[in-house]
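Structure first, then comments.
The values are calculated or read from the model by the stated rules, or taken from the named source; none is laboratory data. Every value quoted in this text rests on a predicted model; they were computed, and no experiment measured them. For the accessible areas, the whole protein counts, side chains as well, though only heavy atoms, and no ligand, DNA or RNA atoms are used. Shrake-Rupley method; radii C 1.70, N 1.55, O 1.52, S 1.80 Å.
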Amino acid sequence: MRGWTRFAVVFLSFTLLACGGGGGNTPTTPTGATPFPAAPDDPLFAQLWHLLNTGQASGTVGEDCRATQVWPVSTGTGVTIAVLDDGLELAHEDLADNIASFGHRDYIDAPVDSDPSPPVGGAPSAHGTSVAGVCAGRGNNGLGTTGVAPRASLVGRRILGGAGATEAQVQEAETLNADQIHIINMSFGPNDD
């Protein structure tokens with residue numbers, strides 16, 4: 001995992017642990033509920049070396065973000081993550097159950113609206129949806145992948161694409177619903193060489 005990416009994923013893991021999933025330092029599994037498994041049933045989980053590195057793809061065993069060690073305490077329940085990027089596919093099968101009911105914005109299409117989904121058939125714009133999956137892909141649902149915080153809620157804010165959002169719009173995207181957003185992900189920048 002590259003420097004900043006590894007830092008962001010590890011930071012998210014420890015942030016969830018520290019806030020106990022948004023409700024203090026208590027486990028988030030309700031009494032009588034089945035705890036989140038250390039190895040979810042999602043078909044791509046075995047490939048997610050950043051969550052549990054067992055040496056797959058010639059990796060180093062244990063060189064991961066330790067998310068599976070945090071899951072007994074917090075899976076992100078009660079935590080809301082805003083993803084500011086090139087869009088967030090709200091209907092994605094592995095994200096839909098974690099999509100928050102508030103705060104979504106698309107600052108790229110005029111007029112500004114509440115659907116941050118990337119354009120269909122346009123320029124490639126899957127980064128925001130991919131980032132949302134790393135953060136909070138719905139785990140243990142038998143589909144695709146698992147996120148670091150598989151029970152966290154997601155808010156999409158499309159600020160990249162076309163000419164991009166204005167500076168004022170980006171500032172609004174960073175502060176909108178500040179009392180309800182616990183983590184803001186802005187994982188964009190120049191391409192890695």
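In the context of the full protein assembly, Thr75 retains an accessible surface of approximately 10 Å², using a probe radius of 1.4 Å and ignoring ligands and nucleic acids.
Residues whose amide H falls under 5 Å from that of Thr80, counting only those 5 or more places apart or on a different chain, are Ser153, His182, Ile183, with hydrogens built in the peptide plane. Summarise the accessible area of the range 39-174 (1.4 Å probe, protein heavy atoms) by the percent that is carbon and sulfur. Whole-percent figure for carbon plus sulfur exposure: 54.
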